[in-house]
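Just below is one structure, and these are the notes that go with it.
Please treat every number below as a calculation from the coordinates, not as lab data. No experiment lies behind these values; they were computed from the predicted model shown. Every residue, glycine among them, receives a Cβ derived from its backbone with ideal geometry; neighbour counts consider all protein chains shown.
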Amino acid sequence: MASAGYPETPQTATEYVSHHLTNLTFGKIDGHWAFAHSPEEAAEMGFWAINVDSMLISVLLGALFVGLFKFVITRMTVEAPKGKSWQNVIEMIVEIVQESIKNSFHARNDMMGPLALTIFVWIFMMNAMDLVPVDWIPLLAQTVMGDSHAYFRAVPTTDLNITLGFAVSVFFLIIFYSIKVKGLGGFLGEFAFQPFGKYAIPLNLLLELPGFLAKPVSLALRLYGNFFAGETIFLVIALLGYWQLPLHFGWAVFHILVVILQAYLFMMLTIVYLDQAHTDH
């Protein structure tokens, strides 16, 4: 778990941390499509650039989630699953999700179970990548690419694009179900006529709209901020060489709580927001 060095040009501590916090970005620059070789090039690529490392790890973890659940579910037994630890784990996760929905979602929507389960497990798996020693996956990526200076971030939730993607998707679902359940007039009326009635529409809009629009922002930034900070601390610890081992272990043990808690919080807030979308106020 010691820090990775580059034999050609040894890095300073600042360069090491900066390198590990830079994404592998692919986009159009100077009229052609290519990988960015610096943060400045990545910025020049603009909106249509894609962080390949975040997308790759996210898709692989999503496929692992689907494959693992399918593998276990097709082999589940009705009897007590003795010796089937994965079945026990999956049943425990499903029970946690079911109980969360039962306590917080009071409408009827068959999509809530799969949605909440997907959000919790997928985000948990992304968060858990933060527990892998910081040099292992980037070194593997550099070996595969044949470039010892290639950028590669292994924790998707340290990429604001990923957390915003989740948050905006939930936001669109909130709008969709609000209009579906309450109608367009009912949805808009919640902003225009509450809390002070129809004679204070400007004041109502001023009070209600910022809170509504803040939902995806708060969802995205809470998840991103926790794991960007956690990854930065792991990188600082990695600079200590072999002295990092006890500190890395201690921080990892504490960080396990954050990994689970942030996935659970994102799921719970999604359930609560969608419950509000199904409920007339």
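Using Cα-Cα distances under 8 Å and only pairs 6 or more residues apart, what relative contact order does the chain have, in percent? Display every interim value, and only then the final one.
Working: 286 pairs, mean separation 75.8, N = 281.
Relative contact order comes out at 27 percent.
Using only alpha-carbon positions, what ratio does the radius of gyration of the range 13-99 give when scaled by 2.2 N^0.38 Å? Please report the intermediate quantities before stating the final value.
Values: Rg = 21.0 Å, N = 87, 2.2 N^0.38 = 12.0 Å.
Output field value: 1.75.
For the chain, what are the DSSP H helices with axial Cα length of 30 Å or more and mean Kyte-Doolittle hydropathy of at least -1.0? Mind dumping the intermediate values first?
Details: long enough: 52-73 (31 Å, 2.14); 160-192 (33 Å, 1.50); 201-238 (55 Å, 1.24); 244-277 (47 Å, 1.41).
Flagged H segments are 52-73, 160-192, 201-238, 244-277.
So how much slack lies between Ala13 and Phe212, counting 0.36 nm per residue of separation and subtracting their Cα-Cα distance, in nm?
Values: separation 199, 0.36 × 199 = 71.64 nm, distance 4.15 nm.
Net length gain for the segment: 67.5 nm.
Shape call for the range 53-207 from the C-alpha gyration tensor, a ≥ b ≥ c root eigenvalues: rounded (a/c under 1.5), prolate (a/b greater than b/c) or oblate? Please report the intermediate quantities before stating the final value.
On the way: a/c = 3.38, a/b = 1.45, b/c = 2.34.
In terms of gyration-tensor shape, oblate.
Could you pull the Rg and Dmax for the range 195-281, using just the Cα atoms, both in Å?
For the range 195-281, the Cα-based Rg and Dmax read 20.1, 68 Å.
Can you sort His149, His32 by how many other beta carbons sit within 10 Å, fewest first?
On the way: His149 12, His32 6.
Arranged by neighbour count, lowest to highest, His149, His32 become His32, His149.
Would you mind classifying the chain by shape? Square roots of the alpha carbon gyration tensor eigenvalues, ordered a ≥ b ≥ c; an a/c under 1.5 is rounded, otherwise it is prolate if a/b is larger than b/c and oblate if not.
On the way: a/c = 2.18, a/b = 1.40, b/c = 1.56.
Here the chain falls in the oblate category.
Please give the length that would be gained between Trp136 and Val59 if that part of the chain were fully extended, namely 0.36 nm times their separation in residues minus their C-alpha to C-alpha distance (nm, one decimal). Numbers along the way, then the final one.
Details: separation 77, 0.36 × 77 = 27.72 nm, distance 1.91 nm.
That works out to 25.8 nm of additional length.
Using only DSSP helix segments of four residues or longer, with each worth -39500 (n - 2.57), what per-residue ellipticity at 222 nm results for the chain after dividing by its residue count and rounding to 500? Provide the component values of the computation, followed by the final result.
On the way: 9 runs with 188 residues, N = 281.
Result for the chain: -23000 deg cm²/dmol, rounded to the nearest 500.
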